[in-house]
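*Asks:* For reference, the structure I am asking about is given below.
The values are calculated or read from the model by the stated rules, or taken from the named source; none is laboratory data. In this text, all values refer to a predicted model and were calculated from it rather than measured experimentally. Virtual Cβ from ideal backbone geometry, glycine too; neighbours counted across all protein chains shown.
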């Protein structure tokens, strides 16, 4: 017999229990995940890290029909009308635009880009690749990633500018947010955002190269020193403009002028860029004027929307972007005289102007921008006169205004199934011409004198704008009156940068929407046996309200985060 | 597969570790035994009665419902749940659908599919046949569900299988049942003339050219060219008139005091409706479902204080059918009677516009399919009375392994079909331009493999203390449980672990209180808090035992209530907690050296991981009362419950600000409330040789969405909060468009271009546009809120009559589930069922129309959920009817023979006359069952 005391029995039972428990503390561990790359592995693999930065570039905005189904943003400005009456862009013109019916909704997209940039900047560490020091490609990587954090910061500053120019006051953060933070973050005022952008630009521009062709990694399309300076120039100009500068603070204008001048000086002294003729930079990867392109692969989608319908061999039945008579009236003759169309024909002071051939001898930029009646196109002639091959209701291929789009269109594109031709498109994000015009405008805003210059501002407004004109070539502007000069300057901007996504923003920051956006005109051409008569008529009256100077924040966003209230005024 | 091997290897090692522990514990208990056995006298061990069972049903506050043994005895079909329609309030059972092999009845307990235990172990109810089942116990009580920790939230059903007993005589029985099952409410398809005329009408309404000329219509009508212009009733050509069923069982039950056993062997064979199954002599495509079940439940008193139980069940199922059997029903529904002949010139008929859908060809010449599913369920338990430590203490260790494997074998054959391309010339002659498609290789290609397997293991170590102190009874348990469910495939396996304590105290059989606390975790949560505590309390009071209670009509009255928490981990998927990066995002394009464009790929964070992942939880509150009246002839029970389900994983994009900059994964934000009432009433009495019983149950369940992360809704009526979870939604219909002018004067219908005869909808928000914002709630939920049943059980001497009715109410179904209501769309069929029950819109009968115009196009204006398509799907069905006669002691060696006839699904009273209201989709037909059987007891 073997005597077991009560305590021994109890202790043995506890031991059993403990055994059972201890050996299965990790019983519930389970991991059958398949190829999930976590943060640590991604930021220590060069290829994946550079892909993270590549992704930031996808947030650079371009406009090949960004409002939807081929409609460019300029179709919501007095520069163009989109032919399809059912396209979303019509809502921006007919009063249906609202917080429940938003357009060009980049709020979510750009904040995704901003988070990606914040995340990249927070985690990027060149030392993580030290393990690859003996790898043959290491030097090439090292050369590339010295710029990486600055490229990310430059792109982030650009993204904040894109948001601020649309929405005004926006949430501003350099942290990677959690859900609670995102749902409670408040808005920073527009001027704070611009101040942030300026500060970032000042801190990083020296760390970026002038051109990647000088570096080991010859990838064009990346942000450069010039890009950062151009961004600063544009941002400060927008901040100084009447919409955001209600008390007309001259200092803001001066800051804008200084920023533009910095880039102009570098161009003049170091030859970074050259002002080419008019819009020569468009679709031209060899251009010396372009500061940043957004490159696109071969495609014919843009031409499919915008070619006159008979050239698309059945791919679409409605044309797209139709430049307005309002825009055509902005182009002078090549001698520098204004041309205007009235209800009873053309009016122009140029003695060489022929009212029966009104499109001859115009500003060379006219031919880069607009496809007009009588022009040769793809071996045929454009016929927008009444009864012509390109005439008719918009739903069956006619032009709304008598004109078709030429800018960014690649004429050689073809759709016939046996002879399909596509081409790459290069969208100009910044070019030198804009900087000169920015400078001129800033100088006028600061000093209200076209010829003013001094020790700091070594170039006058007139000199800057005439550099743009001279390159076209167009005769210099000699107007003395400051007010009239300003109008001519604004007109110059409209003509030089047509369809490069400027007009829509310019009329807003100049707060001239009410005066310019309501009446949209077109031309009616009647061909009387070879002799054409031209008449202006009103195509449509758009509804404009000053609240449209800023985009509405989507109602859903205000619901999700009540700290984003108040909504932009008027919406 | 490699991953699977590694995982299995790792898990096997863990199982081996577990096995080591089990052996150690068993060994040590045996050590105790051998030492003490000689010391104690011969004592019975009431402590070990129901060892392993945590809840003592006779002395607990926990509210439960038990099935009626007669209902189980009289169940004619194989599945347990088929015998319990409307028998247990709260357990809503609905008929199975499809071929016999997969025709398992679906059931919910207060709106959820509950945890099913077989003898206390989580298993699949489809593993059992009804002959193995003794009782079905349904727990809706908070304390019972808390015991099951992370698996209890949706309710628990415990199915107790038959066990042996200590009885003088050995019970041996055998039974045989033969059944024939004809179709119930089969559709009737249109003959080819009607089809052709209707197709022409539909094409005209769509603005497309007619398909059949007048001469061709005549050919259909007069059957002049039976091959080129055929008239085939595919439905009845492919399906025979009735299924044939054989069921055979043999069981043995017996035992002595220290040893009892139950053994069963059962065989069943079901022959399905497919015809044309043996036209190729290499295989027989007959639709067959063969099952063999064997069970042995043994209990042994190894010593006076040790008990060992072994329950072993194996089941083998084999399914035999034509290859791609699931497409054959679709083909039968879709193929018009005039499309093509069955065969022409010995080659299968077909039409290139319809594709390869000749149903008879699919039945006989597409190859053969066989599936075998084998299950082995084994549980072994050892219970040791530990009275040497203290009286009433015992320990039990239970170990269960379940293994199931499904293998399939397939042989595929391709066949040719001939498209006759007939036309009729103006003078009436037939011209055919036959083209043969497909290949005629006649070679069978074989394929086989494991479709799915699972391996479950379950370990319970229970320390139990059962003792009576005077009038008080105490039943305390401490349970440690580990269970794993390993399934083939990535992220399919699950593991759970828990420690549970339960204390049941009763005083004088009058006051009962149960306290439960379970500390349980699941492998579904990896990084967050895996373990949670689930407490619960249940209390009962037998008022009729109180001194103040005056017995009158009411002989027994008890009230009880419970409150507690439980969890449900199965709805939590894996991989929600990790942050990871993904490729395939947009990058940018740069210029290559040759001036071409090079794309550079992009990577980014995929989405934000779930914040603080938890498993779904349920807070349960129940109240109930039971009464027996009129000398216990009548019993009534009523239960009410109010449950809150929270931590449900939901999409959260609508409530997360875009400023976050990432899509978010599901968050545990969902909250839903459920409440309802269950009632059961029973009257049992006998007058001499005549005994009768009437019983009825009623269950009403309502649900409410409290939080569903729907975000911003521009109009109040679009919000789903406060609505039932299964609420039906749709557009409100406002008649049909009479003509083009009507269309021009109505709001713009954005779903599809409309023509006269299309459905006109009401513009709810008056924005002159019909779009998603006009969808409103309508009618009742798509899952029945009301479920009821009643049964009659009569016995007179040797005759027994039994009938079981069951019905539902507050139930809506959409006719769009049936292709019969979308006739001719996308080259499909039209049925007489549709044409006789409805009038489709034409200009002539526009005031009588009940359906929109015929169309051949997928018209998403008409064919979308709206008040046009919702129907009241309430029904009342006669589920079982059985008449049996028992001959007692007919000869020397037989103790009784019972002969019986029975029927299932005899009739249905409902609103959906054209189909079985539980089976509206294009499915294998619903059946009525007629049985004749014999039960012999030796």
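*Asks:* Would segment B:400-417 turn up any residue that is under 24 Å from residue B:57 (Cα atoms), touching a strand residue (DSSP E or B) at 6+ places or on another chain (Cβ under 7 Å) and touching a residue at least 40 places away in the same chain (Cβ under 8 Å)?
*Replies:* Yes, some residue in segment B:400-417 is under 24 Å from residue B:57 (Cα atoms), touching a strand residue (DSSP E or B) at 6+ places or on another chain (Cβ under 7 Å) and touching a residue at least 40 places away in the same chain (Cβ under 8 Å).
*Asks:* Examine segment A:267-274 for a residue that is within 30 Å of residue A:367 (Cβ to Cβ), assigned to a loop (DSSP other than H, G, I, E, B) and without any contact (Cβ under 8 Å) to a residue 60 or more places away in the chain, and state whether such a residue exists.
*Replies:* yes
Per-residue answers, yes or no, for (1) buried (at least 19 other Cβ atoms within 10 Å of the Cβ); (2) at negative phi; (3) in contact with a strand residue (DSSP E or B) (Cβ under 9 Å, 6 or more places away or on another chain):
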site: A:510; (1), (2), (3): no, yes, no
site: A:514; (1), (2), (3): no, yes, no
site: A:517; (1), (2), (3): yes, yes, no
site: A:520; (1), (2), (3): yes, yes, yes
site: A:525; (1), (2), (3): yes, yes, yes
site: A:530; (1), (2), (3): no, no, no
site: A:537; (1), (2), (3): no, yes, yes
site: A:543; (1), (2), (3): no, yes, no
site: A:549; (1), (2), (3): yes, yes, no
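*Asks:* Run residue B:552 past the list (1) out of contact with any helix residue (DSSP H, G or I) (no Cβ under 7 Å at 6 or more places or on another chain); (2) surrounded by fewer than 18 Cβ atoms within 10 Å (Cβ to Cβ); (3) in a strand (DSSP E or B); (4) away from every other protein chain (no Cβ under 14 Å) and report the number of the one that doesn't hold.
*Replies:* Result: residue B:552 passes all but (3).
*Asks:* OK, next. Please specify each residue of segment B:312-341 satisfying the condition of being crowded, with 19+ Cβ neighbours inside 10 Å, touching a residue at least 60 places away in the same chain (Cβ under 8 Å) and farther than 30 Å from residue B:423 by Cα.
*Replies:* Of everything in segment B:312-341, those that are crowded, with 19+ Cβ neighbours inside 10 Å, touching a residue at least 60 places away in the same chain (Cβ under 8 Å) and farther than 30 Å from residue B:423 by Cα turn out to be B:313, B:315, B:317, B:319, B:321, B:323, B:325.
*Asks:* Do the conditions hold for residue A:247, that is, is it surrounded by fewer than 16 Cβ atoms within 10 Å (Cβ to Cβ) and part of a loop (DSSP other than H, G, I, E, B)?
*Replies:* yes
*Asks:* Condition (residue is within 14 Å of chain A (Cβ to nearest Cβ) and closer than 30 Å to residue B:571 by Cβ) applied to segment B:596-605: is it met by at least one residue?
*Replies:* yes
*Asks:* Right, something else. Please work out which residue is farthest from the other protein chains (Cβ to nearest Cβ), limiting yourself to segment B:650-666 and to residues that are touching a residue at least 40 places away in the same chain (Cβ under 8 Å) and assigned to a helix (DSSP H, G or I).
*Replies:* Step by step, filter segment B:650-666, then rank; the result is B:653.
*Asks:* Looking at segment B:115-129, which of the residues that are part of a loop (DSSP other than H, G, I, E, B) and in contact with a helix residue (DSSP H, G or I) (Cβ under 9 Å, 6 or more places away or on another chain) is surrounded by the fewest Cβ atoms within 10 Å (Cβ to Cβ)?
*Replies:* B:129
*Asks:* Inside segment A:293-328, can you point out the residues that are part of a strand (DSSP E or B), closer than 16 Å to residue A:65 by Cα and within 14 Å of another protein chain (Cβ to nearest Cβ)?
*Replies:* A:294, A:295, A:299
*Asks:* Taking segment B:841-870 only, how many residues are without any contact (Cβ under 8 Å) to a residue 24 or more places away in the chain and closer than 26 Å to residue B:917 by Cβ?
*Replies:* Residues meeting the conditions: 2.
*Asks:* Could you count how many residues in segment B:483-498 are touching a helix residue (DSSP H, G or I) at 6+ places or on another chain (Cβ under 8 Å), under 24 Å from residue B:62 (Cβ atoms) and within 8 Å of another protein chain (Cβ to nearest Cβ)?
*Replies:* 1
*Asks:* Consider residue A:170 against the criteria (1) surrounded by 15 or more Cβ atoms within 10 Å (Cβ to Cβ); (2) in contact (Cβ under 8 Å) with a residue 40 or more places away in the chain; (3) within 30 Å of residue A:225 (Cβ to Cβ): it satisfies all of them except one. Which criterion is unmet?
*Replies:* Here residue A:170 meets the rest and fails (2).
*Asks:* Same structure again: Would you confirm whether or not segment B:339-350 contains a residue that is in contact with a helix residue (DSSP H, G or I) (Cβ under 7 Å, 6 or more places away or on another chain), farther than 30 Å from residue B:818 by Cα and modelled with pLDDT under 90?
*Replies:* No, segment B:339-350 contains no residue that is in contact with a helix residue (DSSP H, G or I) (Cβ under 7 Å, 6 or more places away or on another chain), farther than 30 Å from residue B:818 by Cα and modelled with pLDDT under 90.
*Asks:* Would you check which residues across segment B:56-99 are touching a helix residue (DSSP H, G or I) at 6+ places or on another chain (Cβ under 6 Å) and farther than 18 Å from residue B:155 by Cα and list them?
*Replies:* Answer for segment B:56-99, where residues must be touching a helix residue (DSSP H, G or I) at 6+ places or on another chain (Cβ under 6 Å) and farther than 18 Å from residue B:155 by Cα: B:71, B:72, B:75, B:83.
*Asks:* Another question, if that's okay. Taking segment A:43-92, which residues are buried (at least 22 other Cβ atoms within 10 Å of the Cβ), in contact with a strand residue (DSSP E or B) (Cβ under 6 Å, 6 or more places away or on another chain) and within 14 Å of another protein chain (Cβ to nearest Cβ)?
*Replies:* A:52, A:54, A:55, A:57
*Asks:* Just to be sure, is residue A:98 within 14 Å of chain B (Cβ to nearest Cβ) and surrounded by fewer than 21 Cβ atoms within 10 Å (Cβ to Cβ)?
*Replies:* Yes.
*Asks:* Based on what the data block shows, is residue B:582 within 14 Å of chain A (Cβ to nearest Cβ), touching a residue at least 24 places away in the same chain (Cβ under 8 Å) and outside any loop (DSSP other than H, G, I, E, B)?
*Replies:* Yes, satisfied.
*Asks:* Given the structure, is residue B:565 in contact (Cβ under 8 Å) with a residue 24 or more places away in the chain, facing another protein chain (nearest Cβ under 7 Å) and crowded, with 18+ Cβ neighbours inside 10 Å?
*Replies:* When the stated conditions are applied, residue B:565 does not pass them.
*Asks:* Right, something else. What about residue B:501, is it outside any loop (DSSP other than H, G, I, E, B), free of Cβ contacts under 8 Å to residues at least 60 places away in the same chain and within 14 Å of chain A (Cβ to nearest Cβ)?
*Replies:* Yes, satisfied.
*Asks:* Is it true that some residue in segment B:634-648 is at positive phi and within 14 Å of another protein chain (Cβ to nearest Cβ)?
*Replies:* Within segment B:634-648, not a single residue is at positive phi and within 14 Å of another protein chain (Cβ to nearest Cβ).
*Asks:* Looking at A:422, A:381 in this structure, which one is free of Cβ contacts under 8 Å to residues at least 12 places away in the same chain and surrounded by fewer than 21 Cβ atoms within 10 Å (Cβ to Cβ)?
*Replies:* Of A:422, A:381, the one residue that is free of Cβ contacts under 8 Å to residues at least 12 places away in the same chain and surrounded by fewer than 21 Cβ atoms within 10 Å (Cβ to Cβ) is A:381.
*Asks:* Does residue B:570 meet the test of being under 19 Å from residue B:622 (Cα atoms) and in contact (Cβ under 8 Å) with a residue 24 or more places away in the chain?
*Replies:* Spelling it out, it is not the case that residue B:570 is under 19 Å from residue B:622 (Cα atoms) and in contact (Cβ under 8 Å) with a residue 24 or more places away in the chain.
*Asks:* Name the residue, out of A:331, A:293, A:285, A:302, that is buried (at least 16 other Cβ atoms within 10 Å of the Cβ) and farther than 22 Å from residue A:506 by Cβ.
*Replies:* Going through A:331, A:293, A:285, A:302 in turn, the sole match is A:302.
*Asks:* Being in contact (Cβ under 8 Å) with a residue 24 or more places away in the chain, surrounded by fewer than 18 Cβ atoms within 10 Å (Cβ to Cβ) and not in a loop (DSSP other than H, G, I, E, B) is the requirement here; does residue A:202 meet it?
*Replies:* yes
*Asks:* Considering only segment A:107-115, I want to know if a residue exists there that is more than 24 Å from residue B:603 (Cα to Cα) and buried (at least 21 other Cβ atoms within 10 Å of the Cβ).
*Replies:* Checked segment A:107-115: no residue is more than 24 Å from residue B:603 (Cα to Cα) and buried (at least 21 other Cβ atoms within 10 Å of the Cβ).
*Asks:* Any residue that is modelled with pLDDT of 90 or more, farther than 30 Å from residue A:35 by Cα and part of a strand (DSSP E or B) - is there at least one of those in segment B:601-609?
*Replies:* No.
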